[in-house]
Number of protein chains: 2
Amino acid sequence: MHIVILAGGVGTRLWPRSRHARPKQFSDITGDGRTMIQATVDRVAPLTPYDQIYVVTGQQYAELTAEQLPQIPKNNIIIEPSGRNTGPAIGLACMHLYKRDPNATVAFIHSDHVMTREDCFRTALQRGAAAAAEGYLVTLGIQPDSPHTGYGYIKRDSVILPAEQGEQPVYRVGRFLEKPDLATAQSFLSEGCYYWNGGIFICRVDRMLAELARQLPEGYAHLQEIGASLGAPNAEEVLLAQWAQMPNISIDHAVMEGAECVAVTPLDAGWNDVGSWDALEVVLPCDENDNCVAKGNLIAEDSCGNIVYSDKTVALIGMNDLVVVETEDALLVGPKSQMQKVKNIVEALKAQGRHDLL
Amino acid sequence: MHIVILAGGVGTRLWPRSRHARPKQFSDITGDGRTMIQATVDRVAPLTPYDQIYVVTGQQYAELTAEQLPQIPKNNIIIEPSGRNTGPAIGLACMHLYKRDPNATVAFIHSDHVMTREDCFRTALQRGAAAAAEGYLVTLGIQPDSPHTGYGYIKRDSVILPAEQGEQPVYRVGRFLEKPDLATAQSFLSEGCYYWNGGIFICRVDRMLAELARQLPEGYAHLQEIGASLGAPNAEEVLLAQWAQMPNISIDHAVMEGAECVAVTPLDAGWNDVGSWDALEVVLPCDENDNCVAKGNLIAEDSCGNIVYSDKTVALIGMNDLVVVETEDALLVGPKSQMQKVKNIVEALKAQGRHDLL
């Protein structure tokens, strides 16, 4: 199996740790001493040799990627000239892979997700690969544990590969559903045959390219030009010229929702996309006062349910359910329940021209 | 007028800025670019030449004092071998002063107080000096603006020096009162003839020494030995030997409460002893959301009434009435109303053996 790690995002809501110059995947968010992309590589390393692991990222992060992942060949760092969402990023990776191995099966995963049960994740990828070998475009369907309205959902249909010992079945996909309202999400949860769409896909490269050619013909034409130039002296020039005309589209809209033979493999691996600071208490252990210390030395006086990320000793007095994040140049304090508003802080800094803090 | 600045305290409740190695008087607490002791010297500099300004402090702070106050002659830094409260500290200073000028009038002030109206403070010292010249031991009586239960009170009696243009009278002291309960403090406030005892005194040196001789004869005997040795080769040896036997006693208990001819000069100068972080909003201006930023760059999202002290950009989301203090190695967050509990944090650190943070 080949693995492509998508690492082009920025992660604004994890400010002040996540910055344009060093997005969250290149930072140690969970305090385990590894950056998120390093943990991602370690997580899939048992499945495949390092020279079959690729990273798609922006030019500005090429050096960081190479520094943080010395075990990955530099040629496996695929540069997208600008962010065009997951559709073109996956298409570009497929062109590179197809040139190396037209029969490749590939998993597209993210550089900034956490899995608390990594073996379940690897098993799901392997199950997905089995279905992908038969021609399916496979998506991992994340077992929902709440009626979350921030994710798209996937409805499963009939079984393709029956359950094996300790493993879940692979299902045909009934349909992809946009982010629902709360009532709809609640009904999804109670019906039990819906999964969150975590944007993790497994497929044969030739199948993905065939779907792109069929469903996104213009974009595919650009990808073909790029693919034809790979290895040639003008490769970068062609890439820049073609990429500039590439549509900005997610792989869901570009391919998955309209594809033939789409399957879903359930994933129950403690997945979390750590979209905001309050997610840390889900993926990290808490102490006896429900305080979750990702980094730092906490002295809690009458303080429960807080999330702390700091290089320092942090003393809390009578504070509950807060997030306290401290970095070299900034400090964030707010209730866990309001961590979506971090983007307002980032907007305010932008308005102040404080690009040093973005 | 001679001025003696008492600078031996530690200021635990201003942790994490105030440390054993650098107590609050040697730190810039108000964010004006000067340490508290530097601001204290600047405040009295219009009254007297620098060579008549003295500092009493511990050996461990002698170097800090000399560094921060290069305008003060090094000989004016008077070392107390250990903290014995204000009685012995003032007695020691009197011995030094008496040797230089037996007729000296001296004001004893503190290194870690703030006055928002500095001219009123200087005027009060001058009024006090006028009464002191006539033999009174004068205390500044701080005009109370709340029924504070953390200070001793002074009840005024008859007028000694009548009010002059723009100045308040000087009164004989009726009595000194210990820290009252709330009901008593409220009655003091409504009666209007009570002041807070801020521990600021003005007197002739000979009068203070006479009172020490009369009221604290054993302590005075030690001071006499020390005074006799000043300038001699064995001065330090004598100081250490005598100081070890010195009682630990405040000047109020040792002298003021039992003294003859005690006067009080009202002080309405926006005095604050900055005993804890919540005092900052009293002595510093607040912004339109009642946030008080002593140091740092605050981005406040739905956040009012907070006090911020940090070298960084501080983003608050939905936080009200908090204190947020950040130093090189520690971070403190808690409600303004619970800042007395900072001492519990210091105790917890002590129990953990974290002397690097004390």
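The values are calculated or read from the model by the stated rules, or taken from the named source; none is laboratory data. Everything numeric in this text was worked out from a predicted model, so none of it was measured. Cβ atoms come from the backbone with ideal geometry, glycine included; neighbour counts cover every protein chain shown.
What to note about this one:
Conditions (1) more than 25 Å from A:Gly275 (Cβ to Cβ); (2) polar (S, T, N, Q), marked per residue:
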position: A:Cys120; (1), (2): no, no
position: A:Ala129; (1), (2): yes, no
position: A:Leu140; (1), (2): no, no
position: A:Gln143; (1), (2): no, yes
position: A:His148; (1), (2): no, no
position: A:Gly166; (1), (2): yes, no
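- Criterion (under 21 Å from B:Trp271 (Cα atoms), of a type in the set (Ser, Thr, Tyr), out of contact with any Leu (no Cβ under 6 Å at 6 or more places or on another chain) and in a loop (DSSP other than H, G, I, E, B)) met by exactly one of B:Tyr171, B:Tyr151, B:Tyr195: B:Tyr151
- Subset tally (residues that are buried (at least 16 other Cβ atoms within 10 Å of the Cβ) and over 15 Å from B:Ala300 (Cα atoms)) for segment A:326-353: 3
- Top-ranked residue in segment A:227-272 [being of a type in the set (S, T, N, Q) and touching a residue at least 40 places away in the same chain (Cβ under 8 Å); ranked as surrounded by the fewest Cβ atoms within 10 Å (Cβ to Cβ)]: A:Asn248
- Taken over segment A:315-345, the criterion of being at the interface with chain B (Cβ under 7 Å from one of its Cβ atoms), without any contact (Cβ under 8 Å) to a residue 60 or more places away in the chain, in a loop (DSSP other than H, G, I, E, B) and on the phi < 0 side of the Ramachandran plot is satisfied by A:Met319 alone.
- B:Val283 vs. criteria closer than 30 Å to A:Gln352 by Cα and surrounded by fewer than 20 Cβ atoms within 10 Å (Cβ to Cβ): yes
- Residue-level check: of (1) among the hydrophobic types (A, V, I, L, M, F, W, C); (2) more than 11 Å from chain B (Cβ to nearest Cβ); (3) not in a helix (DSSP H, G or I), A:Ala279 misses just (3).
- Yes/no for B:Pro180 being in the same structural domain as B:Pro88 (by TED's automatic domain parsing), modelled with pLDDT of 95 or more and farther than 30 Å from B:Gln340 by Cβ: no
- Taken over segment B:211-240, the residue count meeting the criterion of being under 13 Å from B:Glu80 (Cα atoms) and in contact with a strand residue (DSSP E or B) (Cβ under 9 Å, 6 or more places away or on another chain) is 2.
- A:Ala348 being within 7 Å of chain B (Cβ to nearest Cβ), among the small types (Gly, Ala, Ser) and out of contact with any helix residue (DSSP H, G or I) (no Cβ under 9 Å at 6 or more places or on another chain): yes
- Tabulated pairs, segment B:202-213, first in the same structural domain as B:Arg100 (by TED's automatic domain parsing), second outside any strand (DSSP E or B) and among the β-branched types (Val, Ile, Thr), C-beta under 8 angstrom, 6+ apart or interchain: B:Met208/B:Ile90; B:Met208/B:Val255; B:Glu211/B:Val255; B:Leu212/B:Val255
- Qualifying position, being of a type in the set (A, V, I, L, M, F, W, C), more than 17 Å from B:Met256 (Cβ to Cβ), touching a helix residue (DSSP H, G or I) at 6+ places or on another chain (Cβ under 8 Å) and buried (at least 23 other Cβ atoms within 10 Å of the Cβ), among B:Val138, B:Val114: B:Val114
- So A:Asp311, is it at pLDDT below 95, within 14 Å of another protein chain (Cβ to nearest Cβ) and under 16 Å from A:Arg17 (Cβ atoms): yes
- Residue within segment B:283-293 that is more than 9 Å from chain A (Cβ to nearest Cβ) and in a strand (DSSP E or B) present: yes
- Subset of segment B:16-36 that is within 14 Å of chain A (Cβ to nearest Cβ) and out of contact with any Leu (no Cβ under 7 Å at 6 or more places or on another chain) - its residue that is nearest to B:Ser82 (Cα to Cα): B:Ser18
- Tabulated pairs, segment B:110-138, first farther than 24 Å from B:Arg207 by Cβ, second among the basic types (Lys, Arg), C-beta under 7 angstrom, 6+ apart or interchain: B:Asp112/B:Lys24; B:Met115/B:Arg43; B:Glu118/B:Arg43
- Filter result (in a strand (DSSP E or B) and surrounded by 17 or more Cβ atoms within 10 Å (Cβ to Cβ)) within segment A:174-192: A:Phe176, A:Leu177
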